[in-house]
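See below for the structure under consideration.
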Amino acid sequence: MRIGVLCSGGDAPGMNPALRSIVRTACTLGDDVYGIKHGWEGILDEEFYTNDDGSFVMGLRSVSGLSKIGGTILHSSRSKRFRTPEGVENAAKILKKHKFDALIPIGGNGTLSGAVELGKVWDGQIIGLPGTIDNDLYGSDFTIGFATAVDSAVDCVDKLRDTAGSHDLMFFVEVMGRHCGDIALSTAIASGAEIACIPEAEEPPERLVKRLKKIKEAGKTSVIAIVAEGDESGGAVAMQQILKEAGNPFDSRAVVLGHVLRGGSPVAADRILASELGNFAVSAILHGETGKMAGKISNELVLTPLEDCVSKHRKVDAEQLRLLHIVAS
Ligand code: F6P
């Protein structure tokens, strides 16, 4: 079988270990993997991964040492061309021309939405992998990259806490997560932050200020608020200003962690998840599956229709929100 692999959209730590697992599983089973560079854009440009000897089929040694490498050796992009009906038709023609039997796109909501469109016009098999730090995909408890992003954010917040403590300050720390507060909530719990501002749980500024006054009265001299990029306030900088005007009793600063969270060596949890899902995706293809995403729910490897993964929403864990309020008191 000829299987193509691509990474598209925002890179996520763990994409490389996923590729390593896909290639090594396919090699073991006697199937050929071709790396497609720069995501969907790379199909349209017919840009394939090339080994040092000029060959294209990825072998066991093509993926040596990839477990600990962040980013993606295949490179990624957000393709505008592929997002048009002509782009999708063209991609299908190119995949046919190169005799691909199957494709494994690794990415987030945009990538998998592209896979749904491609599946309507291409008769090859498609099994997607959830590769995004945002943890916003239905069909998997965790996405590849999320654990590393949270770890990186916690590391930064630990450092900021030192300065917050020394100067009696409040920090508004913005973490990525376009429509999803998972990174913010997990970071808040793990770093001991007092507040998490997430799109899934709105809190009016007046109520937050009331809470901050209580925190001050309770004797806390420094505060950390983790703000999800997608929070209705517009992010950490906006939130700092809004609360200042609403009477925040703490002197405050805003820090945007942004793309820092997408980088770095994947933590063990992401390496393991990526290895499991990469292996599972190849075996799903060999079992004739298509139009699905490989994920892990309640410790079981599962396949979920791609349409569901991109249209349904995972609910934020209400238990985690409750936990944050208790442990931050
Ligand atoms: O989807 C992953 C993500 O990192 C989001 O959290 C963020 O909103 C977005 O990508 C940023 O994308 P870009 O790198 O294109 O600005």
Restricting the stretch 122-141 to residues that are assigned to a loop (DSSP other than H, G, I, E, B) and within 14 Å of G291 (Cα to Cα), the residue that is nearest to the ligand (Cβ to nearest atom): G139
Selection within the stretch 162-181 - open to solvent by 60 Å² or more (accessible area, probe 1.4 Å) and within 11 Å of the ligand (Cβ to nearest atom): R178, H179
Filter result for G192 (within 15 Å of the ligand (Cβ to nearest atom), modelled with pLDDT of 95 or more, on the phi > 0 side of the Ramachandran plot and surrounded by fewer than 24 Cβ atoms within 10 Å (Cβ to Cβ)): no
Only listed residue being closer than 20 Å to K296 by Cα, of a type in the set (G, A, S), within 16 Å of the ligand (Cβ to nearest atom) and touching a helix residue (DSSP H, G or I) at 6+ places or on another chain (Cβ under 9 Å), chosen from G114, G145: G145
Close pairs (6 angstrom Cβ cut-off, 6 or more residues apart or separate chains): closer than 11 Å to D231 by Cβ and in a loop (DSSP other than H, G, I, E, B) in the stretch 173-202, away from the ligand (no atom under 14 Å from the Cβ) and not charged (D, E, K, R) anywhere: G181/V316; E200/V316
Residues of the stretch 267-296 that turn out to be without any contact (Cβ under 8 Å) to a residue 12 or more places away in the chain and either open to solvent by less than 50 Å² (accessible area, probe 1.4 Å) or within 11 Å of P130 (Cα to Cα) (or both), as a count: 0
Close pairs from the stretch 23-35: first within 16 Å of D101 (Cβ to Cβ), partner aromatic (F, W, Y), Cβ under 6 Å, at least 6 apart: Y34/F48; Y34/F56; G35/Y49
Number of the exception - K214 against (1) part of a helix (DSSP H, G or I); (2) under 23 Å from V150 (Cα atoms): (2)
Filter result for the condition that a residue is in the same structural domain as G247 (by TED's automatic domain parsing), free of Cβ contacts under 8 Å to residues at least 12 places away in the same chain and more than 12 Å from the ligand (Cβ to nearest atom), over K220, K159, K213: K159
From G177, G87, residue being modelled with pLDDT under 95 and in contact with a helix residue (DSSP H, G or I) (Cβ under 6 Å, 6 or more places away or on another chain): G177
So A201, is it closer than 16 Å to D136 by Cα, surrounded by fewer than 19 Cβ atoms within 10 Å (Cβ to Cβ), under 29 Å from the mean Cα position of the chain (by Cα) and more than 14 Å from the ligand (Cβ to nearest atom): yes
Close pairs (7 angstrom Cβ cut-off, 6 or more residues apart or separate chains): in contact (Cβ under 8 Å) with a residue 40 or more places away in the chain and under 18 Å from I183 (Cβ atoms) in the stretch 315-329, of a type outside the set (V, I, T) and open to solvent by 60 Å² or more (accessible area, probe 1.4 Å) anywhere: V316/E200
Qualifying position, being within 16 Å of the ligand (Cβ to nearest atom), among the acidic types (D, E), more than 21 Å from D11 (Cα to Cα) and open to solvent by 20 Å² or more (accessible area, probe 1.4 Å), among E206, E245, E232: E232
Of the criteria (1) crowded, with 17+ Cβ neighbours inside 10 Å; (2) within 16 Å of the ligand (Cβ to nearest atom), which one V237 fails: (1)
Answer residue from the stretch 102-142, given it is among the polar types (S, T, N, Q), under 12 Å from the mean Cα position of the chain (by Cα) and under 28 Å from P85 (Cβ atoms) and is surrounded by the most Cβ atoms within 10 Å (Cβ to Cβ) among those: T132
Number of positions in the stretch 11-32 that are open to solvent by 20 Å² or more (accessible area, probe 1.4 Å) and within 14 Å of the chain's Cα centre (by Cα): 1
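The values are calculated or read from the model by the stated rules, or taken from the named source; none is laboratory data. Only a predicted model underlies this, so the values are computations on that prediction, with no experimental measurement involved. Note: ideal-geometry Cβ built from the backbone for every residue, glycine included; neighbour counts use all protein chains shown. The accessibility values were calculated without ligands, DNA or RNA, using every heavy atom of the protein model including side chains. Shrake-Rupley method; radii C 1.70, N 1.55, O 1.52, S 1.80 Å.
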